[in-house]
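Q: Provided herewith is a single structure, encoded as structure tokens, for subsequent inquiry.
The values are calculated or read from the model by the stated rules, or taken from the named source; none is laboratory data. Note that this is a predicted model, so its numbers are computed, not measured. Neighbour counts run over all protein chains shown; Cβ positions are idealised from the backbone, glycine included.
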């Protein structure tokens, strides 16, 4: 390590580092623990009021100014690359290569949004010319998407960079023209601090109002609840668990003035192995599945936790190959002690059921997780809702089906998913045609002959899906289209040109 | 009248006319009352299950097929023009010219959506080509907007055609590829029936599945609540009161699987009279305001209920001209007895306050409403939340301000609105520049030198706005963009061409 980073442990509120009365101690996977100021509803209030005060000026910035700001944040993050990787690996237990890759994704997202707003398509400009001769006359109408207001962002445990402090939600909101108040995740407060330092440096070099960004370090439950209930907050971006996400969604809906809660709550991402593909390359798909299932200790929202496979020898070969590949995977350090415990609890759900057969069962110690593989049949799966609940970690469940009809029944029985995958060969086309209309209703992304982990940040990406996968009704939390969550359309009727927003003039 | 229409009083459920055990009697403003079957949760369930059964086939129709269907509905409505106007005027008390105009708007909306989907922009197609040489390789990604599923639509009391059975919400949902279940408004059940008859004729001539459209006639509260809570319903379109709308919004958010509730809940649509404009043409604006305020007995969501005007002679001239014009307006029949009573209750709120001065106070009899005009000052307005609540009917409140600062303070104090209007001359530009950033945050549509009634159905229209004006977060309920409420994005990764939705092929 050429750089050493020791966090000071303060919140960043509207351009100032703020200490707190109470503190908490980080629980890194390695390296020294540090003290961090604990968030409070009072600090949340300060940050939200500062965001609201900054909003008119920030909403009035040009796209070029905001693009420069996003690029400056990316540059400032890169300038702290080694220190970010150092504290990030310590806090999360993720390997250096992952932190480096995720940093690239994070700066790539910021730069992609900079390019995206410069292009200007996202403004969705429309113009209906006046028709003064018509009866009744039509007025001049111009429409444009405008920023919604201050946005709350929750750092995610499993993406300390790409879905946290200056991650996708923050990048999309800042690109749209919305100030951001981040609630940092207490699993990686030091990583949050150094990224906030990068954002602050960009605020200063770009002359942005300080209130455009705040980071409140984690604390008790009241930090998150006061944040989503704050009257100045206009939308929320969240990546996390179904339980926590639903609780915050409910608070947003129950506000005197409800606001949208864009929550990405995870899913089991079912994978369907069609007969011809299974016969031709079941074992290869099984080995590939094991790789996707254990990547990053299985701590991805798109982890393909369930494989639907026919009974018979081709399915057996798939299961055998998956088990053999999983057996080779060493235990991996999980993001937090709590997540490691939850993984063991999830595994225990399967061990306790006589409708489920163990294929590969491992013991894990402390904060590590080793892969586990189970098998059940379609009837048992459909009767037991708990088997379809996400286990966060490298655990796979194979559901064996008697044939095409049962596969379709199972597809119909799934709840909303982030992704659904089919593995198919040419001879599987008819069955694939039956499954596709079902799967497109169940998932935000439908894949063929691949694995859902590795979410591409692109124009066409949809990371979202019907509840409980997300509360992103009609939206995505990854890719350029995610900016739409933080925009609202405004129509201007017969307004003098000089009064129109700059992007509607000329 | 060349055509006579006597309603049979049945529900339309998935292609069949269904009688009910219980019935209710219509309360027309003129002409004979009729018996109508009363909706029940059991009938709602039948309609929703039929909609869900029809969804896969309807979602798979081509855009050309759906466009032909929408045009056929418009033709069938026109074929029943005289009968629709006859029963419509009887039930609502609205004049013939209004019913004829609203029918034109309704068929115009259907035809506009037919054109809109044929153009195909709404599909929002995106394509990220595969980059197999990249590390890691990028898969082929294609995105398209797909229909969300069965949609519930609530008929509106104040638009028996354009926001009811085959109104804007229904047209947008059918255009998107979503089956519709309408809860008819009990204020105009016969109008609903004959329009449903037109839709049924189009279903038959276009060979659409019967479940694509159902009309459940009004009933008790349990019809609406069971409809929005039905597990097959995926989104709701609603136009109505804040109280009723919020209750349904809450039910949608509290579902095990929450769904979006697109509610247009009304507003007071503030109008700001800037000093130069007031001095130059205060009286003319006052007279124009009176016309907008009393149009359709003031029963429009965009009725400009509040005028913000300076103290002094120019403001006095505005108020005087408005009062004189309002005095000339004869009492008009309201939509229902209940709405007429609510108008009197709303008026009583003003009569009971010593912070409010009467300018023109009228007595209304039975189901009629005559205009009323009150005046107050900014401080009183800001201290008294009830003064900012919508009064549905021809009632105006003038808020006098001491100058530009107080005008801006007042603008900031308004809740979310469908529209906000400024009247300005060239010399008002600086004050207008101060108000605009505030007003664009408060309203879905901002107008200059006009009146907000008369909502243009166009590409650029935004009918919606921050809560409590609507729960249309980022959406509109009028204009072509309203189709977005009933779509969700789906990403297809590496899917063989033959399996892609037709609109993504080629």
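Q: Kindly list the number of the only condition in (1) under 24 Å from residue B:284 (Cα atoms); (2) touching a residue at least 24 places away in the same chain (Cβ under 8 Å); (3) at the interface with chain A (Cβ under 10 Å from one of its Cβ atoms) that fails for residue B:453.
A: Of everything listed in (1) under 24 Å from residue B:284 (Cα atoms); (2) touching a residue at least 24 places away in the same chain (Cβ under 8 Å); (3) at the interface with chain A (Cβ under 10 Å from one of its Cβ atoms), residue B:453 misses just condition (3).
Q: Among the candidates B:37, B:33, which residue alone is free of Cβ contacts under 8 Å to residues at least 24 places away in the same chain and over 25 Å from residue B:174 (Cα atoms)?
A: Answer to the check: B:33.
Q: Hey, another quick one. Test residue A:183 against the stated conditions and say whether it is free of Cβ contacts under 8 Å to residues at least 12 places away in the same chain and either touching a helix residue (DSSP H, G or I) at 6+ places or on another chain (Cβ under 8 Å) or within 30 Å of residue A:492 (Cα to Cα) (or both).
A: no
Q: Shifting gears a bit: Would you be able to say whether some residue in region B:491-498 is closer than 24 Å to residue B:98 by Cβ, surrounded by 24 or more Cβ atoms within 10 Å (Cβ to Cβ) and touching a residue at least 12 places away in the same chain (Cβ under 8 Å)?
A: no
Q: Does any residue of region B:420-436 turn out to be more than 7 Å from every other protein chain (Cβ to nearest Cβ), in contact with a strand residue (DSSP E or B) (Cβ under 9 Å, 6 or more places away or on another chain) and under 30 Å from residue A:477 (Cβ atoms)?
A: The answer is no; no qualifying residue exists.
Q: Pick out the one residue from B:74, B:47, B:68, B:60 that is exposed (fewer than 14 other Cβ atoms within 10 Å of the Cβ) and either in the same structural domain as residue B:181 (by TED's automatic domain parsing) or at pLDDT below 95 (or both).
A: B:60
Q: Has region A:476-491 got at least one residue that is within 7 Å of chain B (Cβ to nearest Cβ) and over 30 Å from residue B:141 (Cβ atoms)?
A: The answer is yes; a qualifying residue exists.
Q: Going by the conditions given, is residue B:14 crowded, with 20+ Cβ neighbours inside 10 Å, under 18 Å from residue B:183 (Cβ atoms) and assigned by TED's automatic domain parsing to the domain that holds residue B:146?
A: No.
Q: Okay, next question. Go through (1) in contact (Cβ under 8 Å) with a residue 12 or more places away in the chain; (2) in contact with a strand residue (DSSP E or B) (Cβ under 8 Å, 6 or more places away or on another chain); (3) in a helix (DSSP H, G or I) and name the single condition residue A:283 misses.
A: Every listed condition holds for residue A:283 apart from (2).
Q: Of the conditions (1) buried (at least 23 other Cβ atoms within 10 Å of the Cβ); (2) farther than 23 Å from residue B:293 by Cα, residue B:429 clears all except one; give me its number.
A: With respect to (1) buried (at least 23 other Cβ atoms within 10 Å of the Cβ); (2) farther than 23 Å from residue B:293 by Cα, residue B:429 is out only on (1).
Q: Can you confirm whether region B:197-208 contains a residue that is in a loop (DSSP other than H, G, I, E, B) and under 25 Å from residue B:93 (Cα atoms)?
A: Scanning region B:197-208 turns up no residue that is in a loop (DSSP other than H, G, I, E, B) and under 25 Å from residue B:93 (Cα atoms).
Q: Turning to a different aspect of this structure: Would you be able to tell me the number of residues in region B:126-160 that are facing chain A (nearest Cβ under 10 Å) and under 29 Å from residue B:231 (Cα atoms)?
A: 7
Q: Report whether or not residue B:379 is assigned to a loop (DSSP other than H, G, I, E, B) and farther than 21 Å from residue B:465 by Cα. Working first, answer last.
A: Values: assigned to a loop (DSSP other than H, G, I, E, B): no; farther than 21 Å from residue B:465 by Cα: yes.
When the stated conditions are applied, residue B:379 does not pass them.
Residue by residue, here is whether (1) in the same structural domain as residue A:301 (by TED's automatic domain parsing); (2) under 25 Å from the mean Cα position of the chain (by Cα) holds:
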{"residue": "A:364", "(1), (2)": "yes, no"}
{"residue": "A:374", "(1), (2)": "yes, no"}
{"residue": "A:393", "(1), (2)": "yes, yes"}
{"residue": "A:405", "(1), (2)": "yes, no"}
{"residue": "A:428", "(1), (2)": "yes, no"}
{"residue": "A:436", "(1), (2)": "yes, yes"}
{"residue": "A:455", "(1), (2)": "no, yes"}
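Q: Does residue B:248 count as under 19 Å from residue B:468 (Cα atoms) and either in a strand (DSSP E or B) or touching a helix residue (DSSP H, G or I) at 6+ places or on another chain (Cβ under 6 Å) (or both)?
A: Here the answer is yes, as residue B:248 does meet what is asked.
Q: Hey, another quick one. Conditions: (1) more than 12 Å from residue B:305 (Cβ to Cβ); (2) within 12 Å of another protein chain (Cβ to nearest Cβ). Residue B:386 meets all but one. Number of the miss?
A: Going through the list (1) more than 12 Å from residue B:305 (Cβ to Cβ); (2) within 12 Å of another protein chain (Cβ to nearest Cβ), residue B:386 breaks only (2).
Q: For residues that are crowded, with 21+ Cβ neighbours inside 10 Å and in a helix (DSSP H, G or I), tally how many sit in region A:297-313.
A: Counting residues in region A:297-313 that are crowded, with 21+ Cβ neighbours inside 10 Å and in a helix (DSSP H, G or I) gives 2.
Q: Shifting gears a bit: Mind listing whichever residues of region A:465-475 are at the interface with another protein chain (Cβ under 8 Å from one of its Cβ atoms) and out of contact with any helix residue (DSSP H, G or I) (no Cβ under 6 Å at 6 or more places or on another chain)?
A: Once the filter is applied, which keeps residues that are at the interface with another protein chain (Cβ under 8 Å from one of its Cβ atoms) and out of contact with any helix residue (DSSP H, G or I) (no Cβ under 6 Å at 6 or more places or on another chain), region A:465-475 yields A:466, A:467, A:473, A:474.
Q: Taking the options B:283, B:277, name whichever one is away from chain A (no Cβ under 14 Å) and either modelled with pLDDT of 95 or more or in contact with a helix residue (DSSP H, G or I) (Cβ under 8 Å, 6 or more places away or on another chain) (or both). Working first, answer last.
A: Details: B:277 fails: away from chain A (no Cβ under 14 Å).
Residue meeting the stated conditions: B:283.
Q: Please find, among A:29, A:83, the residue that is at pLDDT 95 or above, more than 23 Å from residue A:14 (Cβ to Cβ) and outside any helix (DSSP H, G or I). Step through it out loud before you land on a result.
A: Details: A:83 fails: outside any helix (DSSP H, G or I).
Checking each option against the conditions leaves just A:29.
Q: Can you give me the ranges of the strands (runs of 3 or more DSSP E) entirely in region B:391-506 with at least 2 residues that are more than 30 Å from residue B:108 (Cα to Cα)?
A: Details: elements: B:395-401, B:417-423, B:443-448, B:487-493.
Because the criterion is at least 2 residues that are more than 30 Å from residue B:108 (Cα to Cα), the strands (runs of 3 or more DSSP E) in region B:391-506 that meet it are B:395-401, B:487-493.
Q: For residues that are within 7 Å of chain B (Cβ to nearest Cβ) and in contact with a strand residue (DSSP E or B) (Cβ under 9 Å, 6 or more places away or on another chain), tally how many sit in region A:492-501.
A: Initial filter on region A:492-501 (within 7 Å of chain B (Cβ to nearest Cβ)): A:492-496, A:498-499.
Pick out the ones that are also in contact with a strand residue (DSSP E or B) (Cβ under 9 Å, 6 or more places away or on another chain) and you get A:492-496, A:499.
The number of residues fulfilling the criteria is 6.
Q: Out of region A:210-228, which residues are more than 14 Å from every other protein chain (Cβ to nearest Cβ), surrounded by 17 or more Cβ atoms within 10 Å (Cβ to Cβ) and modelled with pLDDT of 95 or more?
A: Matches in region A:210-228: A:210, A:211, A:212, A:213, A:214, A:215, A:216, A:217, A:223, A:224, A:226, A:227.
Q: Can you say whether residue A:108 is surrounded by fewer than 17 Cβ atoms within 10 Å (Cβ to Cβ), touching a residue at least 40 places away in the same chain (Cβ under 8 Å) and either closer than 23 Å to residue A:456 by Cα or not assigned by TED's automatic domain parsing to the domain that holds residue A:338 (or both), as far as the supplied structure shows?
A: yes
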